[in-house]
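First comes the structure, then the notes that go with it.
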Amino acid sequence: VLGGDGDYGFSTPYATLHKFNGWADKFLSTPLKGLEDRYVGASGKIEKAGWAITWHDFTADDGGQDYGSEWDASLSYPFGKHFKGLLKYADYQSDGFSTDTRKIWASVDYQF
């Protein structure tokens, strides 16, 4: 829960809210009425591949307005001695806050 009273929302300029409040990045700034994020997720491995999936239900901390829900999923796979590929997907469905958004990321990490 990130608090808000209708005039001010909780703010922390150095936080990485992408990691915690959905990968569609709709809540990088806390709404003025705050944010309550109820979520459930699972993760695991299938041989070398790692996977994760999370569902979020977003509401206002003050007043309980429904903001929407989001599915996040990722798949990672190591290849070679130092590389790892990563695919991420986010699907935010608005209930009156912001807009519906879908995002896909593809990245390659080099580890040394």
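Applying the criteria of a DSSP loop state and at most 10 other Cβ atoms within 10 Å to the GluC sites (Glu not before Pro) of region 1-101 yields 47. Applying the criteria of a DSSP loop state and at most 15 other Cβ atoms within 10 Å to the chymotrypsin sites (Phe, Trp or Tyr not before Pro) of region 12-93 yields 14.
Take every pair of alpha-carbon atoms less than 8 Å apart whose residues are at least six positions apart; their mean separation over the length of the chain yields a relative contact order of 20 percent. Coupling constants for region 46-63 follow from the phi torsions by the Karplus curve (6.51 cos²θ - 1.76 cosθ + 1.60, θ = phi - 60°), and in residue order they are 10, 6, 8, 7, x, 9, 8, 9, 9, 10, 10, 10, 9, 9, 6, 5, 9, x Hz; glycine and proline get x. Of the options [x] 1.22; [y] 1.02; [z] 0.96, only one is Cα Rg over 2.2 N^0.38 Å as computed from these coordinates, and that is [x]. Dividing the summed -39500 (n - 2.57) terms of all DSSP H runs of n ≥ 4 by the residue count of the chain sets its mean residue ellipticity at 222 nm at -500 deg cm²/dmol.
Read-outs: derived from the displayed coordinates by stated rules, not from any lab. The structure presented is a predicted model; accordingly, all values stated were derived computationally and were not measured. So basically every Cβ, Gly included, is an ideal-geometry build from the backbone, and we count neighbours across all protein chains shown.
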